[in-house]
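Everything below concerns the one structure shown next.
The values are calculated or read from the model by the stated rules, or taken from the named source; none is laboratory data. The structure presented is a predicted model; accordingly, all values stated were derived computationally and were not measured. So basically every Cβ, Gly included, is an ideal-geometry build from the backbone, and we count neighbours across all protein chains shown. Calculation scope for accessible area: heavy atoms of the full protein, side chains included, ligands and nucleic acids excluded. Shrake-Rupley method; radii C 1.70, N 1.55, O 1.52, S 1.80 Å.
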Amino acid sequence: MKKVVASILSVLTVASCFAGVACTPTTGADDPNALVIEYYKAGYGSEWITNLAAEHKKRTGQEVVLLPRSGQAGLDAMATSLRSGTAETDLFFVSSPSFSDVYRGTVSANGKTYDSWFADLTDVYTGEIEGEGVTVGDKMFDYFEEYFKMGADGKYYDNKYYFFPYVTGAIGFVVNVDKWNSVVGANVEYPRTTNELLELCADVKDEVAPFIYSLGDEYWTAILPLFINQYEGNARMDKFYQGYGPDQESRYDTNMVAYTGFKRALEFFDELLDDANGYMHKDSKSMSFMNMQGAFLGGNALFNVNGDWLEREMITNYPNANIEMMKTPILSSIVEKCSFNSDANKETILRNIIDYVDGKTTTAPSGCTPTDIEIIREARSVEYVTGTGSTSFVPSYSNQIDNAKKFLKMMASDEGMLIFRNGTNGCEMPFNYTDANKAVNANASVFRKSVNEVLGASTARFVNQKDKIFSIGGLNVMLFSNKYGRFVNAFTSGGVTAEQYYNEEVAKVNSMLDGAKQQANIR
């Protein structure tokens, strides 16, 4: 899913494309009453949507026309299609939700006025799934359900829903297990901290590249927020995503970006990515994304930052790839927040605490307090998902709204979830199974089991672009990535320190702040 990162970096990937010239796509539908679906074809492929369409026809008798779209041009085409106001498409599967359009309110299409471009899906969320005795909202992961609820910061104060997520989308550090076993050792645990990871990189770099990536579609930017979140903690990051500064009281002012965690995360990446350290595969800057993935699966590096779609995307050429997703190492600088921050053995104490919260040891380590343990426990539990950037919606002017809603409710049923799982090599939708027996995937690959294990032991987090300062004001939700790959380019050359980069970006964001507030009508 090459555009997952783009959907995180762009405050509104879809909305930014909506200035296109109106057009009505040719659907090829013989039946004028068919359900027409446009979908973004990426790492999860097409089998899942094809099989779901077949299930919809089986249940309702309605024909379904599928229109695949690929790349940024495909996203642009879908945005233009929606805004034409005359599109035949009844259901879109895209990337980022367009919260700004919901905030802006009424639109006109075909001589009628609608609350927004998007049909109200509240009755999908609150509707009971046939035969299961629960609603879609009951089954949806809580953090997804809350994210898509339009609340008090927007025009709508009645908790309406306009977007429907359809994949969880774990992202993290993937390990080539065969290469790990041959170079590091089968009985050696994966790194627990960033310092331990950097030590490993230095030890193995003469034998194998520790990491490989593709500069043209780098995922470092996608994983950056996880390290910031580790350092700052969940509650503080939630406040940041609402425009609050580190004092947790001032909002939408220059303190908004003064979180130490941003700087510490950038310092880690400065050391990891610097060409002078030799921790990256020498061809990372020149390889295409697909060639890079092939090189990783072929054993040319130990690690690759990637998503749970990797196996599905590459399974044809690498059916026997032996890979796992590991828990993300904790930012070693988190010890600054702990009582043992001045201890000469602080890194050792940190690793001992991680072993304890992971359940590998049963006695609380010495040299720390219960508060220290809870700080590390929360940091260790955090992993990031990208599924909030994979959403579907129904045009408000569609003449098939009811049938489109039936399709979405069917997706959230246990049967629909199984169809999605089987069509994506084990990837899951952001719902709990009503039947616990179906939640167990006996055919899951080693990679998929590792993903499930990481997520199952974690509090899933995501980049939250919902606040008006980001979605309407145009500020980048992660601040440091207004240009794709910007901090990666800065650090690989070694010409800019993390401190310099941080200060430049803070100044840049602050220079944009007044304009963003004015654009978002924030006073």
The chain: calculated mean residue ellipticity at 222 nm from DSSP helix runs of at least 4, using -39500 (n - 2.57) = -11500 deg cm²/dmol
Straight distance only, please: which lysines reach the Cα of Lys468 with their own Cα at less than 25 Å, same-chain residues fewer than 8 apart left out?
-> Lys3, Lys149, Lys155, Lys160, Lys239, Lys263, Lys483, Lys508, Lys517
Just the number, please: Stokes-Einstein D of the chain in µm²/s, Kirkwood Rh from C-alpha pairs, 37 °C, 0.692 mPa s.
-> 136
Could you please put Glu232, Glu146 in sequence from largest to smallest accessible area, using a 1.4 Å probe?
-> Glu146, Glu232
How long are the three semi-axes of the equivalent ellipsoid for the stretch 305-373, computed from the Cα gyration tensor as the root of 5 times each eigenvalue, in whole Å, largest first?
-> 36, 13, 9
Taking Lys360 as the anchor, which lysines have their alpha carbon closer than 18 Å to its alpha carbon, excluding any fewer than eight residues away along the same chain?
-> Lys327
If you line up the long axis of helix 401-412 against the longest principal axis of the chain, both from Cα atoms, how many degrees apart are they, to the nearest 10?
-> 30
So what's the projected area for the stretch 54-109, the Cα convex hull averaged over all directions, in nm²?
-> 5.2
For the stretch 203-292, which trypsin sites (Lys or Arg not before Pro) are in a loop by DSSP, counting at most 12 other Cβ atoms within 10 Å?
-> Lys282
Using alpha carbon centers only, the stretch 58-103 is separated from the stretch 185-211 by a whole-angstrom value of 44
Taking every Cα atom in the stretch 226-278, find the radius of gyration and the maximum pairwise distance Dmax, and write them in Å.
-> 13.1, 43
Enter the Cα centre distance for the pair the stretch 286-303 and the stretch 342-373, rounded to the nearest angstrom.
-> 36
Value of Rg/Rh across the stretch 379-520 [Cα atoms, Kirkwood radius] = 1.08
Quick one: dipole size for the stretch 121-277, taken about the Cα centre, charges +1 on Lys/Arg Cβ and -1 on Asp/Glu Cβ, in debye to the nearest 20.
-> 320
Leaving out ligands, DNA and RNA but keeping every protein chain, what accessible area does Ser511 have, in Å² rounded to the nearest 10, with a 1.4 Å probe?
-> 90
Rounded to the nearest 5, what is the percent of antiparallel bridges among the DSSP beta bridges in the chain?
-> 60
Taking the chain as the reference, fit the longest principal axis to its C-alpha atoms, fit the long axis of helix 260-273 to the helix C-alpha atoms, and give the angle between the two in degrees, 0 to 90, nearest 10.
-> 70
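Pairwise over distinct Cα atoms, reciprocal of the mean inverse distance: report the Kirkwood radius of the stretch 268-408 in Å, one decimal place.
On the way: mean 1/r = 0.0513 Å⁻¹.
Across the stretch 268-408, the inverse of the average 1/r is 19.5 Å.
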Within straight-line cross-link reach of Lys205, lysines at Cα separation under 20 Å, skipping those fewer than 8 residues along the same chain | Lys179, Lys282, Lys285
Calculate, in nm to one decimal, what Asp358 and Lys112 gain on full extension: separation in residues at 0.36 nm each, minus their alpha carbon distance.
-> 82.8 nm
Over all alpha-carbon pairs of the stretch 314-473, lay out the pair-distance distribution in 10 Å bins, whole %, shortest bin first.
-> 8, 25, 26, 23, 13, 4, 1
Please list 402-415, 178-191 highest first by mean number of surrounding beta-carbon atoms within 10 Å per residue.
-> 402-415, 178-191
Helix axis angle, 346-357 relative to the chain longest principal axis, alpha carbon, degrees = 50
Cα point-scatterer Debye curve for the stretch 195-285, base-10 log of I(q)/I(0) at q = 0.20 Å⁻¹ | -0.93
